[in-house]
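J.: Mind having a look at this structure? Questions to follow.
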Amino acid sequence: MISKNYFQNAGLGSILDKVLAGERISIEDGHALFECADLTALGALASIVRRKMHGDKTFYVLNRHINYTNICVNGCLFCAYARKRGEEGSFQLSKEDILEKLHNAPVSPREIHVVGGCHPDIPLSFFEDTFATIKKEFPLGVIKSFTAVEIVHFAKLEGIPTIKVLERLRKAGSEMLTGGGAEIFAPETRNKICPKKIDAETWLRVHGEAHSLGYTTNCTMLFGHYESIADRLDHLDRLRKQQDETGGFNCFISLPFQTENSKLKIENPLTGIDELKTIAISRLMLDNIPHIKAYWVMLGVKQAQAALHFGADDFDGTVVEEKIGHMAGASSDQSLARVELEEMIRGCGFTPVERDAAFNEI
Ligand code: V47
Ligand code: SF4
């Protein structure tokens with residue numbers, strides 16, 4: 001047990017008291033945490049919460065990402081993945097392509113993560129049909145599909161409310177929404193990086209609707225672009241307020257911005273220290289969200305391992321093929337095997353635990 005003095009010397013005494021009492025920390029506390037120069041004390045504080053919630057368990061899942069198209073009408077300025085229809089490098093998978101990718105995955109996936117661009121004319125019925133077949137051929141695979149941004153896009157294409165889109169997808173076999181599309185909620189910064197994207201209120205409303213239908217959902221924050229520390233704290237605060245109301249977020253993922261092939265000009269790229277601080281502070285702020293993911297695809301595997309000592313308890317999974325981060329310069333592998341995931345987790349002093357998409361232990 002680390003002594004109270006240790007945290008007091010780092011200027012974190014009063015926040016430690018709140019953490020030990022299970023009290024919510026404020027946005028002002030969040031600023032103090034970002035200002036704290038003692039990285040190890042921050043990691044130790046986040047680890048108190050992480051160990052209280054999950055002991056020494058670190059979760060992973062046998063998953064398969066399916067990026068069904070990169071054709072997108074939104075034109076987010078940070079995005080290296082999207083293309084216009086007909087542009088070189090654009091692609092769109094058929095139902096057969098998707099099923100073939102799933103059948104060729106090295107292990108049968110327990111979590112099938114389906115996201116893509118906002119395509120101008122793929123109808124919702126395409127996914128209803130594809131998901132129904134996936135459920136028949138992969139009965140153990142939980143479908144985690146789409147971002148709130150895609151849900152709003154389908155609603156516009158079909159001329160129906162978002163809740164109807166969610167109802168239809170749920171009937172077709174989807175059980176979870178991914179956390180993508182949240183980017184940064186603060187409107188001024190959001191307008192600078194993705195002016196055509198749905199606003200924060202709409203993103204949060206769609207997740208609330210999904211929770212009301214029994215979906216669990218994840219949530220993300222894209223950081224390391226034009227956002228301020230106040231923007232990051234505002235983002236975390238809005239997520240925990242939504243969670244107080246509708247309660248369906250399972251896991252938070254901070255996505256460090258990958259800077260290649262982007263229209264954004266980044267003068268001060270993220271440091272590894274800032275990444276770890278942000279993960280630790282997310283664990284401390286998001287007291288009502290059970291899991292914090294160390295997403296090795298964007299962090300790189302070594303930093304993802306370090307993140308386990310800064311509040312993260314989930315190592316994501318096998319992934320198999322990933323385009324969004326890699327087209328923006330992520331240098332991680334495309335895929336990790338179960339044995340590699342387990343060795344990496346053990347190597348950091350934690351116990352690997354295989355989970356399903358909903359974080360039930362297998
Ligand atoms: O919405 C796009 C982000 C998201 C870049 O829910 C970028 O379990 C960094 O949401 N650098 C998609 N990030 C990925 C995502 C996700 C990933 C893993 C697990 C889950 C989950 C969700 O990726 C997008 C956007 O926020 N993104 N470009 C980039 N250059
Ligand atoms: Fe389209 Fe998503 Fe890229 Fe934005 S981030 S341009 S919505 S694919």
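The values are calculated or read from the model by the stated rules, or taken from the named source; none is laboratory data. Quick caveat: nothing in here was measured; it's all calculated off a predicted structure. Don't worry about glycine lacking a Cβ; one is built from the backbone with ideal geometry, like all the others, and counts go over all protein chains shown.
J.: For residues that are within 16 Å of ligand 2 (Cβ to nearest atom) and buried (at least 19 other Cβ atoms within 10 Å of the Cβ), tally how many sit in segment 38-79.
T.: Here is the first cut: in segment 38-79, the ones within 16 Å of ligand 2 (Cβ to nearest atom) are 65-79.
With buried (at least 19 other Cβ atoms within 10 Å of the Cβ) added as a condition, the list becomes 65-68, 70-72, 76, 78-79.
Here the count works out to 10.
J.: Which ones in segment 132-152 are away from ligand 1 (no atom under 16 Å from the Cβ) and surrounded by fewer than 23 Cβ atoms within 10 Å (Cβ to Cβ)?
T.: Across segment 132-152, the qualifying residues are Ala132, Thr133, Lys135, Lys136, Glu137, Phe138, Pro139, Leu140.
J.: Quick one: which helices (runs of 4 or more DSSP H) lie wholly within segment 86-164 and hold at least 3 residues that are aliphatic (A, V, I, L, M) and more than 14 Å from ligand 2 (Cβ to nearest atom)? Don't jump to the end; show me each part of the working.
T.: On the way: elements: 95-103, 124-137, 148-158.
Here the list reads 95-103, 124-137.
J.: From (1) in a loop (DSSP other than H, G, I, E, B); (2) within 16 Å of ligand 1 (Cβ to nearest atom), pick out the condition that doesn't hold for Tyr60.
T.: Status for Tyr60: all satisfied but (1).
J.: Looking at the structure I just gave you, is Ile324 touching a strand residue (DSSP E or B) at 6+ places or on another chain (Cβ under 8 Å) and not in a strand (DSSP E or B)? Please lay out each step first, then the result.
T.: On the way: touching a strand residue (DSSP E or B) at 6+ places or on another chain (Cβ under 8 Å): yes; not in a strand (DSSP E or B): yes.
In short, yes.
Results for (1) assigned to a loop (DSSP other than H, G, I, E, B); (2) under 17 Å from His31 (Cα atoms); (3) among the polar types (S, T, N, Q); (4) more than 16 Å from the chain's Cα centre (by Cα), shown as yes or no for each residue.
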| site | (1), (2), (3), (4) |
| --- | --- |
| Arg232 | no, yes, no, no |
| His235 | no, yes, no, no |
| Glu245 | no, no, no, yes |
| Asn250 | no, no, yes, no |
| Asn261 | yes, no, yes, yes |
| Leu264 | yes, no, no, yes |
| Pro269 | yes, no, no, yes |
| Leu276 | no, yes, no, no |
| Met298 | no, no, no, no |
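J.: Can you give me the number of residues within segment 184-206 that are farther than 21 Å from Tyr295 by Cα, in contact (Cβ under 8 Å) with a residue 12 or more places away in the chain and within 14 Å of ligand 1 (Cβ to nearest atom)?
T.: So in segment 184-206, the residues farther than 21 Å from Tyr295 by Cα come out as 186-206.
With the extra rule that they be in contact (Cβ under 8 Å) with a residue 12 or more places away in the chain, the set shrinks to 186-187, 189, 192-200, 202-206.
Narrowing further to those that are within 14 Å of ligand 1 (Cβ to nearest atom): 189, 193-194, 196-198, 200, 203, 206.
Counting residues in segment 184-206 that are farther than 21 Å from Tyr295 by Cα, in contact (Cβ under 8 Å) with a residue 12 or more places away in the chain and within 14 Å of ligand 1 (Cβ to nearest atom) gives 9.
J.: How many residues are surrounded by fewer than 18 Cβ atoms within 10 Å (Cβ to Cβ) and either at pLDDT below 95 or over 15 Å from Arg238 (Cα atoms) (or both) if we restrict to segment 180-219?
T.: 8
Rundown of residues vs (1) surrounded by fewer than 20 Cβ atoms within 10 Å (Cβ to Cβ); (2) within 15 Å of ligand 1 (Cβ to nearest atom); (3) among the small types (Gly, Ala, Ser), yes/no style:
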site	(1), (2), (3)
Gly247	yes, no, yes
Leu264	yes, yes, no
Glu275	no, yes, no
Ile279	no, yes, no
Leu286	no, yes, no
Ile289	no, yes, no
Ala294	no, yes, yes
Gly300	yes, yes, yes
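J.: Now, a different point. Which residue out of Leu177, Leu222, Leu239 is surrounded by 21 or more Cβ atoms within 10 Å (Cβ to Cβ), free of Cβ contacts under 8 Å to residues at least 60 places away in the same chain and within 16 Å of ligand 2 (Cβ to nearest atom)? Quick ask: steps written out before the conclusion?
T.: Working: Leu222 fails: free of Cβ contacts under 8 Å to residues at least 60 places away in the same chain; Leu239 fails: within 16 Å of ligand 2 (Cβ to nearest atom).
From the options Leu177, Leu222, Leu239, the qualifying one is Leu177.
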